[in-house]
Ligand SMILES: *[C@@H]1O[C@H](CO)[C@@H](O)[C@H](O)[C@H]1NC(C)=O
Ligand SMILES: *[C@@H]1O[C@H](CO)[C@@H](O)[C@H](O)[C@H]1NC(C)=O
């Protein structure tokens, strides 16, 4: 439009064009703001997304429209949109926090069989800086009472549900809005070489919105080379895999799992990335395989730089047959399929059974043979068939 205007030699015609420009511009603005307001009416979420554009339309126009659904008749000022997981004493002043830095949250799906290990993990997270939330999938809560931290932790129980079921229902972004980082971890992780405080300062410094501690490849199963610990490194964001089995990754690969990717056994989300990731978790997810490949959308910008693996604080992944294994065996037997095969994609176009997740095949095999799990399960890199 502007360039057209510039080329006009005729003065009169120039004026005409200017007027046309002005009319078109105001029409566009009008349509734009109508669109925005309709969006606002429809959803508060929609409103957040157009936050950036809101500056362009008069404030009062949107303020009423953007109030959370159901709160429109309430006096302005009493609407509390977000909350937290703080416990309050029945009487007296609220508990005072010792830490000045914002709190973070550790949420884990646990069963009593992993009590010892879960205790070790929780003890790595200082209670001054972390809220602990346990999702009990075996319904056995009382057995945890003897642990020192148990009374200050939040316990939620639902039989045979996975981490994703709990997270969708109990970690709504508005409820966990207080927490700087959300650790959504499995229970079968070895934390001997992990320090939560150092981990937090590294991801802050490096600007990692989505991260995970590296996995010690010597004694853990590694599904993708990207998550394996690189000795002597602090953080890595890509891997190169030219000749090994599995997905080929080169120095300039831009796709997960070569870069911009973490695995789902120990992800750590920033507040903003969790707000996004929560929407990816579908209501009917059980294992959430395939979610890892979608998380780049939640990286708050360039996933190549904002997603990474912390090498200096690392974990062992035991790959124990906890809930995930048993459940997968059941469902794959029911479907008459091998866990390694892709089943029909769900509505997100994700395979129900992640082709790259070999843990389940391993567990299944070891059970069929009636053998105990091998001490070291190194299944190598399983060919990635792509999504
Ligand atoms: C939970 O899952 C296990 C293993 O599949 C099964 O044996 C048990 O009956 C289930 N419990 C309930 C209450 O569904
Ligand atoms: C993302 O960051 C990488 C590494 O800094 C850079 O090479 C790439 O061009 C960036 N991508 C975009 C879309 O900005």
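The values are calculated or read from the model by the stated rules, or taken from the named source; none is laboratory data. On a predicted model such as this, the values are computed, not experimentally measured, just so you know. Counting neighbours? That spans all protein chains shown, and the Cβs are built from the backbone with ideal geometry, glycine included.
Looking at (1) under 14 Å from residue 261 (Cβ atoms); (2) buried (at least 22 other Cβ atoms within 10 Å of the Cβ); (3) more than 21 Å from the chain's Cα centre (by Cα), can you tell me which one residue 214 breaks?
(3)
I'm told residue 150 meets every condition in (1) in contact with a helix residue (DSSP H, G or I) (Cβ under 7 Å, 6 or more places away or on another chain); (2) under 23 Å from residue 270 (Cα atoms) except one. Can you identify the failing condition by its number?
(2)
So, in the range 123-161, how many residues would count as being within 16 Å of ligand 1 (Cβ to nearest atom) and more than 30 Å from residue 201 (Cβ to Cβ)?
Counting residues in the range 123-161 that are within 16 Å of ligand 1 (Cβ to nearest atom) and more than 30 Å from residue 201 (Cβ to Cβ) gives 11.
On the basis of being under 29 Å from residue 275 (Cβ atoms) and at pLDDT 95 or above, does residue 112 make the cut?
Here the answer is no, as residue 112 does not meet what is asked.
Being in contact with a helix residue (DSSP H, G or I) (Cβ under 7 Å, 6 or more places away or on another chain) and closer than 19 Å to residue 277 by Cβ is the filter here, so list the residues in the range 187-224 that pass it.
207, 208, 209, 210, 211, 212, 213
So in the range 281-296, with the set limited to residues that are surrounded by fewer than 20 Cβ atoms within 10 Å (Cβ to Cβ) and farther than 20 Å from residue 254 by Cβ, which one is modelled with the highest pLDDT?
Filtering the range 281-296 for residues that are surrounded by fewer than 20 Cβ atoms within 10 Å (Cβ to Cβ) and farther than 20 Å from residue 254 by Cβ, the one modelled with the highest pLDDT comes out as 281.
Within the set of pairs 6+ apart or on separate chains, which have a first residue in the range 281-309 that is more than 12 Å from residue 261 (Cβ to Cβ) and within 11 Å of ligand 2 (Cβ to nearest atom), a second that is modelled with pLDDT of 85 or more and part of a helix (DSSP H, G or I), and C-beta atoms under 9 Å apart?
Going by the 9 Å Cβ cut-off, the qualifying pairs are 305/206.
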